[in-house]
Amino acid sequence: MTDSQQVRHFRQILIWPLQLMPLDEGGVLGQQWRLMAAATDSPWQLRASEFEPGAFQERHYREFITFLPYVQRFLYGEGQTEASDVASYGKSPLHAFRRHDVKTVRLTFKDGVEADLAIAHIDLYFFFDIDVVILALEVMGDDLPLARVQDILFRFGRSFPAQWDEEGGPASCLAGVAWLDAQGQVLAASDYDDRDAYLGHLAEYRSPRLARHWAWLLEPMVPHHSNASGGVRYRQVEYHRMPLMAYLALDDPLSLSEADFYQLGMVTRPDSGEALPGRLVKDFITQSCYDRYWSPEQGVPSASTRMLCNGHALVVVGDRHHPFFCDAQTGVLGQFRHQQFLIALIAHFHKAALLTFSDRMAVALARLNIADVHSVRLFKRDIRIQLEVFLRFTQRYWFREISNQAVAAHLFDMLRQHLGTAALYQEVQDSVKSMSQYLENDDLRRQADTVVKLTVVTILSLVGATVTGFFGVNIFDFTHGSLLLRIGFFGLVLLLTISLTFYTLMKARPLSEFIERMADQRTDWRGRLAAFVHIWRKRRS
């Protein structure tokens with residue numbers, strides 16, 4: 001990768017899915033956005049609708065018609081929608097919050113160089129009925145060396161350091177990250193080099209500690225594995241490297257080699273001079289490059305746009321001299337920031353939601369104790385809730401196709417393939433079916449057990465009813481006795497009858513075995529007598 005290559009315009013969008021913890025034990029999911037909207041001191045505010053006269057532009061129109069109708073209803077709702085009413089038909093289940101206090105991010109590199117990138121927007125996306133939130137952060141800069149941009153892509157979007165180098169600094173993170181306000185004042189800064197804090201947190205909570213600047217950015221939400229107090233709690237659901245999108249407008253993208261594209265698409269460190277295996281690069285070009293607008297042999301700007309997609313990253317590279325590529329409204333830049341961002345948002349939301357389903361079912365199974373009736377009852381309740389939510393997820397959110405437009409459809413297919421969401425969905429669906437079958441079998445078993453008990457009680461009651469009926473029902477005549485005597489005998493008979501009924505229920509299982517032995521003609525009288533004696537034997541636990 002040549003040192004002279006400059007990125008004339010650079011955009012990076014981080015897409016960070018997080019799992020939200022349920023607000024209560026009643027099974028209500030995906031309602032955390034209500035707490036965020038009700039908070040009075042929160043920097044996050046519900047984003048205003050763009051579907052208003054005067055604010056609605058052509059790029060909104062083009063964005064809307066990119067998607068199929070059922071995806072449009074998911075993203076935008078239909079008709080006149082109100083953010084507070086999400087359960088009725090036609091209301092969008094997507095709720096976006098935005099903060100405006102952070103204007104710049106200052107990046108400090110290993111060599112001491114600092115770079116300030118402007119922040120285009122910082123959004124939080126909540127999803128009705130699903131305990132998932134996605135942070136979307138877009139930064140931009142101009143006239144940056146390509147190697148520096150590659151370093152930003154590799155190091156910026158890390159929620160915590162994976163390791164430290166010999167000097168005590170974070171091995172794969174930036175030396176420092178700071179959020180700045182409009183006056184250039186530091187609002188929050190990273191603490192990647194505080195190794196003891198990360199080690200101590202992991203030892204105490206069995207969960208990695210988020211870097212200070214990322215935790216601050218998400219407030220008033222708080223990490224679940226911490227002593228911080230807050231109504232909306234979250235935890236990691238995927239790898240600590242955040243999925244990203246990148247837009248690079250270069251002077252001469254045609255001069256990049258296939259190895260250069262591999263490093264950009266795989267988001268590796270800047271070129272270290274080591275040769276890459278040819279087979280590795282060839283497989284990447286075949287599986288992760290979308291070359292509909294890439295034709296180097298023509299040597300013209302209109303054929304110099306290449307899209308790289310490997311699941312973790314979606315990178316768009318093109319010629320800055322091409323007006324359509326740099327058009328922020330309806331050109332490639334506009335499509336990157338809007339249509340392609342929504343495509344990536346949907347794909348990563350699918351994966352995060354499915355991982356959340358899998359985690360919830362695993363937790364329910366881990367808490368199950370079949371010897372504890374209360375534990376079994378809670379398990380059944382949790383599983384039924386997950387069954388209902390998964391059914392609504394399938395009908396409301398799960399899309400195999402989102403667009404009939406060639407670029408959007410192909411990019412979504414590539415994202416689904418690399419993220420493995422189809423296989424993950426099938427795995428979760430199979431688990432849900434297994435859970436459902438378990439609940440059905442358990443209900444049938446309990447019903448059969450109840451029928452056996454009722455049958456035993458009915459058979460024994462039939463004997464008493466037949467005998468009393470033979471004597472005309474009233475064996476003893478109390479019609480001429482006093483009222484107190486009749487009430488006393490009524491209570492005594494009632495107590496005896498209830499006691500006999502409950503005792504019969506307690507002995508229902510051995511009684512049913514005795515009845516089966518009596519009805520079995522292959523059993524001799526000795527075996528029947530043994531079954532009768534077995535009724536009063538104590539069973540070992």
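The values are calculated or read from the model by the stated rules, or taken from the named source; none is laboratory data. In this text the structure is predicted, and so the values were computed from the model without any measurement. Virtual Cβ from ideal backbone geometry, glycine too; neighbours counted across all protein chains shown.
Among the residues of segment 3-22, those identified as under 21 Å from LEU248 (Cα atoms) and of a type in the set (S, T, N, Q) are SER4, GLN5, GLN6, GLN12. Across segment 105-155, the number of residues qualifying as under 29 Å from the mean Cα position of the chain (by Cα) and either hydrophobic (A, V, I, L, M, F, W, C) or assigned to a strand (DSSP E or B) (or both) comes to 25. LYS433 passes every criterion in (1) within 23 Å of LEU365 (Cα to Cα); (2) among the charged types (D, E, K, R); (3) touching a residue at least 24 places away in the same chain (Cβ under 8 Å) apart from (3).
Taking helices (runs of 4 or more DSSP H) as the structural unit, no element lying wholly within segment 244-353 holds at least 2 residues that are surrounded by fewer than 18 Cβ atoms within 10 Å (Cβ to Cβ) and in contact (Cβ under 8 Å) with a residue 40 or more places away in the chain. The residue that is modelled with the lowest pLDDT, counting only those in segment 261-295 that are more than 19 Å from TYR247 (Cβ to Cβ) and hydrophobic (A, V, I, L, M, F, W, C), is ALA275.
In the set (1) assigned to a loop (DSSP other than H, G, I, E, B); (2) under 28 Å from the mean Cα position of the chain (by Cα), the condition left unmet by LEU202 is number (1). Within segment 29-44, the set of residues being in contact with a helix residue (DSSP H, G or I) (Cβ under 8 Å, 6 or more places away or on another chain) and either surrounded by fewer than 16 Cβ atoms within 10 Å (Cβ to Cβ) or at pLDDT 90 or above (or both) comprises SER42, TRP44. Being buried (at least 17 other Cβ atoms within 10 Å of the Cβ), at pLDDT below 90 and among the basic types (Lys, Arg) is true of ARG59. For ILE119, state whether it is in contact with a strand residue (DSSP E or B) (Cβ under 6 Å, 6 or more places away or on another chain), without any contact (Cβ under 8 Å) to a residue 40 or more places away in the chain and surrounded by 16 or more Cβ atoms within 10 Å (Cβ to Cβ). In short, yes. When you scan segment 361-376, do you find a residue that is touching a residue at least 60 places away in the same chain (Cβ under 8 Å), among the β-branched types (Val, Ile, Thr) and over 30 Å from GLU58 (Cα atoms), even just one? No, segment 361-376 contains no residue that is touching a residue at least 60 places away in the same chain (Cβ under 8 Å), among the β-branched types (Val, Ile, Thr) and over 30 Å from GLU58 (Cα atoms).
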